[in-house]
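Colleague: Below you'll find the structure I mean.
The values are calculated or read from the model by the stated rules, or taken from the named source; none is laboratory data. Because the structure is a prediction, the values reported are computed rather than measured. Here the Cβ positions follow ideal geometry from the backbone for every residue, glycine too, while neighbour counts run over all protein chains shown.
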């Protein structure tokens with residue numbers, strides 16, 4: 001009997017449409033070779049172009065339209081014709097906040113066949129998972145602007161609750177234990193942000209005391225950004241607030257092949273009433289959109305994370321192994337990692353490898 005997964009696809013802007021197509025291609029191939037796995041995709045034309053025509057990134061009932069899907073698969077959002085805060089607060093954050101998808105998971109791994117820009121780092125030596133708090137912190141949109149000209153004033157507040165902090169830190173430790181990882185590093189800026197970040201530090205100590213088998217470390221964000229480049233092998237699981245994890249996931253991606261290899265997932269591990277949300281870490285890259293230059297691996301690895309979330313572990317592993325083989329062969333790859341292949345050619349090669357299993 002076939003398992004059918006209903007997926008909402010939002011290609012979005014720029015290269016989003018190109019990379020999502022390759023992810024869907026991989027999923028359809030897995031469906032063909034498995035015989036008992038099926039996907040039903042429904043596409044939503046939301047994003048910057050929709051906003052330019054309708055004044056909003058998605059319809060008023062957009063969250064309602066998405067709630068009954070098993071997962072949401074997004075390409076990217078962002079367009080130079082719109083301010084970035086419009087695209088972020090108009091689509092991504094309403095979905096994450098609306099469905100309480102408090103875990104943001106962003107793994108980075110130095111795949112065999114990918115050259116690290118750092119000296120003395122060999123293949124597979126960097127294996128870091130950034131755990132991001134998704135639903136509060138610095139992106140809570142608390143504040144406002146008043147006044148004009150030299151009297152203009154902006155207040156931006158970050159929201160931290162005991163519940164929000166405790167559940168994301170607990171997830172990080174539970175994830176580390178489940179995956180047989182040995183260290184969790186907490187990132188804050190509690191020397192300067194003496195309320196929310198001090199509360200974070202306090203709760204991190206409380207939660208870590210329940211996991212004596214896992215080593216812990218606390219670092220300030222500025223020191224961590226320097227250290228993760230200087231000594232990436234010293235990091236395993238990183239847990240941080242919305243802003244700091246966002247920054248660190250970009251930094252860690254930069255030492256493992258770039259944004260074209262960095263997948264992302266947002267979900268609620270305790271409640272799957274609403275769909276998980278899966279989008280690669282990279283942006284819409286309008287400068288290369290439509291040229292076939294975008295690396296689809298991040299989107300394909302994001303599809304692999306979606307499969308894992310849906311309980312399709314075997315299919316997820318097949319897709320992961322196909323990506324590893326593609327990268328190890330060093331034959332079909334996009335320009336960002338030293339190749340000359342087009343976006344669709346990389347997707348076709350992943351399909352070739354999947355069909356060879």
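Colleague: Taking region 241-251, which residues are in contact with a helix residue (DSSP H, G or I) (Cβ under 6 Å, 6 or more places away or on another chain) and under 14 Å from residue 185 (Cα atoms)?
Modeller: Listed by number, the list holds a single entry, 244.
Colleague: Go through region 130-232 and tell me which strands (runs of 3 or more DSSP E), entirely inside it, have 2 or more residues that are more than 24 Å from residue 92 (Cβ to Cβ).
Modeller: Passing ranges, in order: 183-188, 215-220.
Colleague: Can I ask one more? Checking residue 120 against (1) assigned by TED's automatic domain parsing to the domain that holds residue 285; (2) at positive phi; (3) without any contact (Cβ under 8 Å) to a residue 40 or more places away in the chain, only one condition comes out false. Which one?
Modeller: The single condition residue 120 does not satisfy is (1).
Colleague: Being surrounded by fewer than 21 Cβ atoms within 10 Å (Cβ to Cβ) and assigned by TED's automatic domain parsing to the domain that holds residue 73: is that true of residue 273 here?
Modeller: Judged against the criteria, residue 273 is a match.
Colleague: Which numbered condition in (1) surrounded by fewer than 19 Cβ atoms within 10 Å (Cβ to Cβ); (2) touching a strand residue (DSSP E or B) at 6+ places or on another chain (Cβ under 9 Å); (3) within 22 Å of residue 108 (Cβ to Cβ) is the only one that residue 299 fails?
Modeller: (1)
Colleague: Another question, if that's okay. Filter region 77-113 down to residues that are over 20 Å from residue 306 (Cβ atoms), touching a residue at least 40 places away in the same chain (Cβ under 8 Å) and assigned to a loop (DSSP other than H, G, I, E, B), then give me how many there are.
Modeller: Residues in region 77-113 being over 20 Å from residue 306 (Cβ atoms), touching a residue at least 40 places away in the same chain (Cβ under 8 Å) and assigned to a loop (DSSP other than H, G, I, E, B): 6 in total.
Colleague: Kindly indicate which of 214, 247, 238 is within 23 Å of the chain's Cα centre (by Cα), surrounded by fewer than 21 Cβ atoms within 10 Å (Cβ to Cβ) and either outside the structural domain of residue 301 (by TED's automatic domain parsing) or on the phi < 0 side of the Ramachandran plot (or both).
Modeller: 247 is the lone residue from the list that is within 23 Å of the chain's Cα centre (by Cα), surrounded by fewer than 21 Cβ atoms within 10 Å (Cβ to Cβ) and either outside the structural domain of residue 301 (by TED's automatic domain parsing) or on the phi < 0 side of the Ramachandran plot (or both).
Colleague: Could I ask something else about it? Assess whether residue 52 counts as being modelled with pLDDT of 95 or more and more than 18 Å from residue 302 (Cα to Cα).
Modeller: yes
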